[in-house]
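Working notes for the structure below.
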Amino acid sequence: MEIVLPDKSYQIIVKRHALDSVGEWIASLWKNKKIAIISDENVYPIYGKKLQQQLADYEVCHYAVPAGESSKSLDMATTLYEFLADHQFTRSDALIALGGGVVGDLAGFVASTYMRGIAFVQIPTSLLAQVDSSIGGKTAVNSSKAKNMIGTFAQPDGVLIDPETLNTLPELRVREGIAEIIKCGAISDVSLWKDLEKLTGIQDLLAHSEAIILKALQVKKTVVEEDEFDNGARLLLNFGHTIGHAIENTAGYGKISHGEAVAIGMVKISQTAEMNQQMPAGITKKISTMNQKYGLPINYQPWEAEKFYTAITHDKKARGDNLNIILLKDIGQAYIQKIKLTDIKDYLIEGK
């Protein structure tokens, strides 16, 4: 699969055991570069040695950040800038992001800002990163006010996805990736939604992960190519995210996973929209049923609407006094609805 953009195009490889040929892949992209592998303390012990061996022809160093959302910060970015400077990295050198969404976002942000930008690739090892955050060029760190508030648009030189890495994930991390797959089906791909309905559960999905990942990536590829900088069609990818990010923010990052928050966000936005006849009757139940099939939540306690509203006012999706929310005409057909920022309170109802 290839992402084709006006200023840059790159390949996405989705292949079981692709990590066994990382050296050949990197050699096809880069020559004579110093490489830093940025990973975390959970992932690097599993895959770091294999990557180091594959990159024997390069000068390679690595840094493993603490696992978890707290590493997606300006403080950690500064630590990585200093690490690169200590190793005398120049604009001719490069980074490999090896890990989940936190590592991918952080390493991409560092690569895009160190010396005004150096090359990087993504090797996502979590399902969430494989179907969502590793492609499209969004990089970011969190602030104390909002998730992903400080970031850049920077496209990688390539993305390598090995579905075998999913076998080392705890089930919680698999489930949060499935939330983004459910979202992709809901907004744009009825056939993906039907696949999810036919599969018997998480283990069955993992057995068919290569095909499922490719379908989810196709959804994101289409909207990214149409709207690289998130001003139009790409906003459709935010279904469930407005409320989901608010839940993450108020809970404290790391207390609830991104995927769990998005799953709840999809249900909550649909409840009010269905009640207001902005979405078809019965669609909230379909989304709730799909979430529950894959062990995802449909509610959150304590439900603190005022705190959620405050968090949403700091969300980067808010434009002045307006907010774009994503609703569904039906499964597979999403649309953008502009509302007054204050009107989002109507969608912050406490569900059953």
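The values are calculated or read from the model by the stated rules, or taken from the named source; none is laboratory data. Just so it is clear, the model here is predicted, and its values are computed rather than measured. Glycine gets a Cβ as well: all are built from the backbone with ideal geometry, and neighbour counts include every protein chain shown. Heavy atoms of the whole protein, side chains included, go into the accessibility calculation; ligands, DNA and RNA do not. Shrake-Rupley method; radii C 1.70, N 1.55, O 1.52, S 1.80 Å.
For residues that are open to solvent by 70 Å² or more (accessible area, probe 1.4 Å) and out of contact with any helix residue (DSSP H, G or I) (no Cβ under 7 Å at 6 or more places or on another chain), tally how many sit in the stretch 75-91. So that I can check it myself, show each step before the final result.
First, pick out the residues of the stretch 75-91 that are open to solvent by 70 Å² or more (accessible area, probe 1.4 Å): 75, 82, 86-88, 91.
Next cut, out of contact with any helix residue (DSSP H, G or I) (no Cβ under 7 Å at 6 or more places or on another chain) only: 75, 82, 86-88.
Number of matching residues: 5.
Here's the yes/no breakdown for (1) farther than 17 Å from Lys329 by Cβ; (2) touching a residue at least 60 places away in the same chain (Cβ under 8 Å); (3) over 24 Å from the mean Cα position of the chain (by Cα):
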| site | (1), (2), (3) |
| --- | --- |
| Gly244 | yes, no, no |
| Gly252 | yes, no, no |
| Ser257 | yes, yes, no |
| Val262 | yes, yes, no |
| Gly265 | yes, no, no |
| Gln271 | no, yes, yes |
| Pro280 | no, no, yes |
May I ask you to list the residues in the stretch 252-284 that are hydroxyl-bearing (Ser, Thr, Tyr) and either open to solvent by less than 50 Å² (accessible area, probe 1.4 Å) or part of a helix (DSSP H, G or I) (or both)?
Ser257, Ser270, Thr272, Thr284
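When you go through Ala186, Ala246 one by one, which is the residue that is in contact with a Phe, Trp or Tyr (Cβ under 7 Å, 6 or more places away or on another chain), modelled with pLDDT under 95 and assigned to a helix (DSSP H, G or I)? It would help to see each step written out before you state the result.
Values: Ala186 fails: modelled with pLDDT under 95.
On inspection, the qualifying residue turns out to be Ala246.
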Count of the stretch 43-74 residues which are over 15 Å from Ile123 (Cβ atoms), surrounded by fewer than 18 Cβ atoms within 10 Å (Cβ to Cβ) and touching a residue at least 60 places away in the same chain (Cβ under 8 Å)
3
Consider only pairs whose beta carbons are under 7 Å apart and that are at least six residues apart or on different chains; among these, list those whose first residue lies in the stretch 97-117 and is among the charged types (D, E, K, R) and whose second residue is crowded, with 24+ Cβ neighbours inside 10 Å and part of a helix (DSSP H, G or I).
Asp105/Ser133
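Which of the residues that make up the stretch 148-179 are part of a loop (DSSP other than H, G, I, E, B) and over 29 Å from Asp93 (Cα atoms)? Quick ask: steps written out before the conclusion?
Just the residues of the stretch 148-179 that are part of a loop (DSSP other than H, G, I, E, B), to begin with: 148-149, 154-158, 162, 169-170.
Once the filter is applied, which keeps residues that are part of a loop (DSSP other than H, G, I, E, B) and over 29 Å from Asp93 (Cα atoms), the stretch 148-179 yields Leu169, Pro170.
Can Leu205 be described as assigned to a helix (DSSP H, G or I) and more than 25 Å from Met279 (Cβ to Cβ)?
Considered against the rule, which asks whether it is assigned to a helix (DSSP H, G or I) and more than 25 Å from Met279 (Cβ to Cβ), Leu205 comes out as yes.
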For the stretch 110-138, give me each residue that is open to solvent by 10 Å² or more (accessible area, probe 1.4 Å) and either under 11 Å from the mean Cα position of the chain (by Cα) or under 26 Å from Arg175 (Cα atoms) (or both).
Gln122, Ser126, Leu128, Asp132, Ser133, Lys138
The stretch 290-317 residues that are on the phi > 0 side of the Ramachandran plot, paired with ones that are open to solvent by less than 70 Å² (accessible area, probe 1.4 Å) (beta carbon under 8 Å, 6 or more apart)
Gly295/Arg175; Gly295/Ile202
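Mind listing whichever residues of the stretch 158-175 are open to solvent by 20 Å² or more (accessible area, probe 1.4 Å) and in contact (Cβ under 8 Å) with a residue 12 or more places away in the chain? It would help to see each step written out before you state the result.
As a first pass, look at the stretch 158-175 and keep what is open to solvent by 20 Å² or more (accessible area, probe 1.4 Å): 164, 167-173, 175.
Once the filter is applied, which keeps residues that are open to solvent by 20 Å² or more (accessible area, probe 1.4 Å) and in contact (Cβ under 8 Å) with a residue 12 or more places away in the chain, the stretch 158-175 yields Glu164, Asn167, Thr168, Leu169, Glu171, Leu172, Arg173, Arg175.
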With respect to Ala334, is the statement that it is in contact with a strand residue (DSSP E or B) (Cβ under 8 Å, 6 or more places away or on another chain), over 21 Å from Met149 (Cα atoms), in a strand (DSSP E or B) and modelled with pLDDT of 95 or more true?
yes
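Just to be sure, is Gly68 modelled with pLDDT under 95 and either under 21 Å from the mean Cα position of the chain (by Cα) or under 22 Å from Ser133 (Cα atoms) (or both)?
Values: modelled with pLDDT under 95: yes; either under 21 Å from the mean Cα position of the chain (by Cα) or under 22 Å from Ser133 (Cα atoms) (or both): yes.
When the stated conditions are applied, Gly68 passes them.
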Does the stretch 295-311 include one or more residues that are under 20 Å from the mean Cα position of the chain (by Cα) and over 20 Å from Gly177 (Cα atoms)?
yes
